[in-house]
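Working notes, structure below.
The values are calculated or read from the model by the stated rules, or taken from the named source; none is laboratory data. None of the values given here were measured: they were computed from a predicted structure. Neighbour counts are summed over all protein chains in view; Cβ atoms, including those assigned to glycine, are modelled from backbone coordinates with ideal geometry.
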Amino acid sequence: MKQAILALAVDAATSKNSGAFDLGDLRDYSIQVNFSGSTLAGTLKLQAIVGDAEYANADWVDIASSSQAITSAASHIWNVTGASYKFVRAVWTASSGTGTMTVTLFVKETVVVGV
């Protein structure tokens with residue numbers, strides 16, 4: 001299993017994009033977002049791009065049905081299977097409150113056993 005911190009205790013009072021993760025040949029992953037602070041409110045979603053180079057300057061696309069309304073500090077998770085894109089990130093759009101956000105990505109590599 002691989003783990004990557006995409007954002008570590010960043011200020012969630014303002015909108016933020018997490019760091020991007022290069023999935024390479026991985027197709028299954030999960031992203032967990034932990035919020036602290038009791039008054040946070042906003043929207044959390046995933047975005048992806050297919051391109052390989054210069055992803056920071058690419059046009060990110062919202063992943064369908066990934067948007068979650070956040071009304072208080074808590075943990076939120078996505079479990080994604082069959083991803084066919086190169087990079088993924090979490091996007092936080094703050095509407096009110098204060099607190100912090102940590103974004104962690106987990107992937108399990110598929111083990112192929114010879115026949």
_Quick check on my filter: what residues within segment 100-115 are in a loop (DSSP other than H, G, I, E, B) and either modelled with pLDDT of 90 or more or surrounded by fewer than 11 Cβ atoms within 10 Å (Cβ to Cβ) (or both)?_
THR110, VAL111, VAL112, VAL113, GLY114, VAL115
*Pick from ILE77, ILE70: which is at pLDDT below 90 and in contact with a strand residue (DSSP E or B) (Cβ under 6 Å, 6 or more places away or on another chain)?*
ILE70
*Looking at (1) within 11 Å of the chain's Cα centre (by Cα); (2) within 24 Å of SER96 (Cβ to Cβ), can you tell me which one ALA74 breaks?*
(1)
*Quick one: LEU46 ticks every box in (1) under 14 Å from ALA7 (Cβ atoms); (2) aliphatic (A, V, I, L, M); (3) touching a residue at least 60 places away in the same chain (Cβ under 8 Å) bar one, so which box is it?*
(3)
_Members of segment 11-33 that are crowded, with 17+ Cβ neighbours inside 10 Å, more than 9 Å from the chain's Cα centre (by Cα) and not in a loop (DSSP other than H, G, I, E, B)_ = LYS16, TYR29
*Given (1) farther than 26 Å from GLU109 by Cβ; (2) small (Gly, Ala, Ser); (3) in a loop (DSSP other than H, G, I, E, B); (4) in contact with a strand residue (DSSP E or B) (Cβ under 6 Å, 6 or more places away or on another chain), where does SER95 come up short, assuming only one miss?*
(3)
